[in-house]
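Everything on this sheet refers to the single structure shown next.
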Amino acid sequence: MYTLLIAIGSFFGFIIAYHTYGRWIATRVFNLDPTAKVPSCEFEDGVDFVPSKKSLVFGHHFTSIAGTGPIVGPAIAVFWGWLPALLWVVFGSIFIGAVHDFGALVVSLRNRGQTVGEIAGRMISPRAKLLFLFALFFALTVVLAIFGLVIASIFEIYKGSVLAVWVSLPIAIVFGLAMRKGSNAMLPMSIISLVLIYLAIYVGAYYLPISLSFVGNQVVGWTVILLIYCGIASVLPVWLLLQPRDYVNSHQLFVALTLLIVGLIVACLSGTADLFASAPAITQDTPKGTPPIFPFLFITIACGAISGFHCLVSSGTSSKQLENETDALSIGYGAMLLEAALAVMVILACCAGVGMGKFESKEVVQADGETRVVVAAVEDVDGNALVGRAAWRQTYQLEYYDAEAGEMKQKTWKEFGLGSKIGAFVDGGGNFLAALGIPLAMGVNIIAVLVACFAATTLDSATRLQRYVVQELGETLRVKPLTNMYVATFVAIVLGGAIAMIPNADGLYGKGGLLLWPLFGATNQLLAGFAFLVTAFYLWRRSKPVAFVLIPTVIMIALPAAALMWQLFDPTSGWVMPGEGQNWLAGTIGLITIGLQVWMVVEAVIAWPKVKGVLEPQLSDEEIVSTKLKESGGRSC
């Protein structure tokens, strides 16, 4: 019962925060104006700037910021215990994450839909713009390398999920074409689309699992296919694929989240799900090599509490689609709280859900260098079914049986791959659905498709955002070829793909993303600190309250920097130190990131005392992002 009360209390906390703290920021600080001219109307071009209904933009924004971030992060963080993870998700999202997303969205809306990187040049200093753009470039390169691997790993482990993920694309295109022709039946069409996707989930689970068995390395094969898809998707008009796919995906999440919540209720009332009995609130025996909870908890759980990537979505795509400034509250602040609700369910699924055990047929697969048992009983070495904390430890593979030594051994922190982290949520979520009478194989496939669809959304949104960044760098550095959308897209996918293909220590190609995975948390959270700086300067120049932004700014600059310095220079496992932890790829990017951060902070400290009450230089016509926008003429929403 306590498990259920924790879920209910968290959800009510989010609702109260939205209607109090969120509305205070919207009305008292930013003074959102329903009559203000917005970029989507002023610069409508039918590709990136497209005035859209709030529900469509919400669907795009939410699925883009969610991805696998609120899944993988909490699934890792429960190694330190579910209580610290839960507290960071709830309070971090309310007072830091949602404020970050909301601020980036509003500031971009009031600066012709520019990204926070470009805005930094006028808010702080011209050098800050270039620094921010390079930070964005490195961060998005890491995102492209990692998320391609995440989806490829899901496809390899849960082959039944492949069909539904790819079927969702033509369904979304048909949806988009219908909406473009003036159809007003958005919700009925989304329901039909959802039914077709769930039909594909059923067929994939029982009749048509898809595998690239003819390819020697399936991860490499899927990564190449995914990046080619992302390159195409990122240059298509947002109304054709991005908006309708994300709108349908948002409803897919609502259905899955509802099923998870109802399943949790049933499992709690029946006594089969018990958070306290399944996993430690605060872990005393973490795996060998586990980094310290402070500051690493705050960079491990990113998207569920706060994520720098969100400022790119807010200012890169969402601000170009809002048709009314007041929509920013629900999209900027509200979507982050919904993502936090998902992260809460992930924590419960990875602990209470996994602790329920599971009992069906076994399917053993090799993926990500690990052996995963999909849809099977969690057993000890003698074949006895396990539940509770024993099941949790076995599912996370905290211990494994060494047949050669004839004894149980414990894995080290670095031995955990993406398979065990993502698999814990898929398995635990499948257990919650099984509590409703849904066959476990079907339940597992529903959750696997949900994870893969979200990751795909993040991947192609990141490709579009990287295209913007490369184009902005091309303009700033006066490298004309890079200002072309197709050249910029090509650079984005080739660089991300090249890093993804770097072999690991065992010579396995397609594992480059794993080499950069430890870097993702720190660089991602530093981006959040940079975005907070831009919002703080925007308010400071207008003599608005800034304390509620400055405190998170300091937190999101100091904690990620501390974590990155530990990763770089820890004597036993530092990336640039002698020893088995040496990783010059991550180390080089990490050192560059630290340098960019220090420089950015210096620029901000120099500029801060000079700009209070002094409005930033206004954009000239030459500073509008593209000639196409100047010629569009705009329209009135």
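The values are calculated or read from the model by the stated rules, or taken from the named source; none is laboratory data. Computed from a predicted structure; not experimentally measured. Cβ sites come from the backbone with ideal geometry, for glycine too, and all protein chains shown count toward neighbours.
Computed values, structure above
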{"read-out": "Residue satisfying condition, being surrounded by fewer than 18 Cβ atoms within 10 Å (Cβ to Cβ) and either charged (D, E, K, R) or in a helix (DSSP H, G or I) (or both), within set Leu257, Leu297", "value": "Leu257"}
{"read-out": "Qualifying residue in the range 93-100 (condition: among the aromatic types (Phe, Trp, Tyr), within 15 Å of Ser307 (Cα to Cα) and in contact with a Leu (Cβ under 8 Å, 6 or more places away or on another chain))", "value": "no"}
{"read-out": "Qualifying residues in the range 495-550 (those that are at positive phi and not polar (S, T, N, Q)) - the one modelled with the lowest pLDDT", "value": "Gly510"}
{"read-out": "Residue within the range 396-403 that is under 24 Å from Ile265 (Cα atoms), modelled with pLDDT under 75 and over 27 Å from the mean Cα position of the chain (by Cα) present", "value": "no"}
{"read-out": "One residue from Asp285, Asp327 being outside any helix (DSSP H, G or I), more than 19 Å from the chain's Cα centre (by Cα) and among the charged types (D, E, K, R)", "value": "Asp285"}
{"read-out": "Selection within the range 548-569 - surrounded by fewer than 17 Cβ atoms within 10 Å (Cβ to Cβ), within 19 Å of Gly595 (Cβ to Cβ) and either in contact with a Ser or Thr (Cβ under 7 Å, 6 or more places away or on another chain) or of a type outside the set (Gly, Ala, Ser) (or both)", "value": "Met565, Trp566, Phe569"}
{"read-out": "Filter result (of a type in the set (S, T, N, Q) and crowded, with 18+ Cβ neighbours inside 10 Å) within the range 1-58", "value": "Thr3, Ser10, Ser40, Ser52"}
{"read-out": "Search result, residues across the range 602-616 that are closer than 14 Å to Ser543 by Cβ, in a helix (DSSP H, G or I) and either touching a Cys at 6+ places or on another chain (Cβ under 9 Å) or among the small types (Gly, Ala, Ser) (or both)", "value": "none"}
{"read-out": "Output for the range 529-570, where each listed residue is free of Cβ contacts under 8 Å to residues at least 60 places away in the same chain, part of a helix (DSSP H, G or I) and under 22 Å from Leu32 (Cα atoms)", "value": "Ala536, Ala547, Leu550"}
{"read-out": "Helices (runs of 4 or more DSSP H) (entirely within the range 1-113) containing at least 2 residues that are touching an Asp or Glu at 6+ places or on another chain (Cβ under 7 Å)", "value": "39-42, 54-66"}
{"read-out": "Flag for Val142 being at pLDDT below 85 and part of a loop (DSSP other than H, G, I, E, B)", "value": "no"}
{"read-out": "Candidate set from the range 224-252 (those that are under 18 Å from the mean Cα position of the chain (by Cα), hydroxyl-bearing (Ser, Thr, Tyr) and part of a helix (DSSP H, G or I)); member that is surrounded by the fewest Cβ atoms within 10 Å (Cβ to Cβ)", "value": "Ser250"}
{"read-out": "Condition check for Arg127: surrounded by fewer than 22 Cβ atoms within 10 Å (Cβ to Cβ) and either more than 29 Å from Gly46 (Cβ to Cβ) or acidic (Asp, Glu) (or both)", "value": "yes"}
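Here's the yes/no breakdown for (1) closer than 30 Å to Gly474 by Cα; (2) surrounded by fewer than 24 Cβ atoms within 10 Å (Cβ to Cβ):
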{"site": "Leu140", "(1), (2)": "yes, no"}
{"site": "Gly148", "(1), (2)": "yes, no"}
{"site": "Ser153", "(1), (2)": "no, no"}
{"site": "Ile157", "(1), (2)": "no, yes"}
{"site": "Leu169", "(1), (2)": "no, yes"}
{"site": "Leu177", "(1), (2)": "no, yes"}
{"site": "Arg180", "(1), (2)": "no, yes"}
{"site": "Leu199", "(1), (2)": "no, yes"}
